[in-house]
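Take a look at the structure set out below.
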């Protein structure tokens, strides 16, 4: 097949049909609905797994220097408060000093206390999302040194939680606990 006119005509056509105002930062259509569904699914699994783990396993870790069960759960909670507070300017009901101490004190906390903190952090995120509208999702912010819309912070929040959900599933299985939803 013979190439006609090189890339220039294609680029000119592409530029002509891209609507004005479309940027890499714009919110995907239906993002809040999708976020809420993904967050609900992942957060319910984190809480169900936290409840299924015996209290005696909360200080367990797979090796020296590796986060314990409770530390992983409190790390999730910390970032559930931290991302909206630091990257979206939302008021957090928990101070950064307090959630900064959780991971250090994790192995001395009871299972009930850890589950309560994680559950409350999930409720906080749901409230942040519930109070947003689609127009606010494109509000500019910074996340890890990049300029992004607030929607990207919510996406990172779910991604972060899912990373540690996977870690928690491995921890549960190593402790003989089958994730409740996979029974």
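The values are calculated or read from the model by the stated rules, or taken from the named source; none is laboratory data. Predicted model only: the values in this text are computed from it and were never measured. As a convention, Cβ positions derive from the backbone with ideal geometry for all residues, glycine included, and neighbour counts pool all protein chains shown.
Quick rundown of the values:
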| read-out | value |
| --- | --- |
| Count - residues of region 163-178 that are surrounded by 16 or more Cβ atoms within 10 Å (Cβ to Cβ) and either over 16 Å from residue 71 (Cβ atoms) or under 18 Å from the mean Cα position of the chain (by Cα) (or both) | 6 |
| Residue in region 83-98 that is surrounded by 19 or more Cβ atoms within 10 Å (Cβ to Cβ), in a helix (DSSP H, G or I) and without any contact (Cβ under 8 Å) to a residue 24 or more places away in the chain present | yes |
| Flag for residue 132 being in contact with a helix residue (DSSP H, G or I) (Cβ under 6 Å, 6 or more places away or on another chain) and either outside any helix (DSSP H, G or I) or at pLDDT 95 or above (or both) | no |
| Residues within region 135-156 that are more than 16 Å from the chain's Cα centre (by Cα), more than 12 Å from residue 88 (Cα to Cα) and outside any strand (DSSP E or B), tallied | 2 |
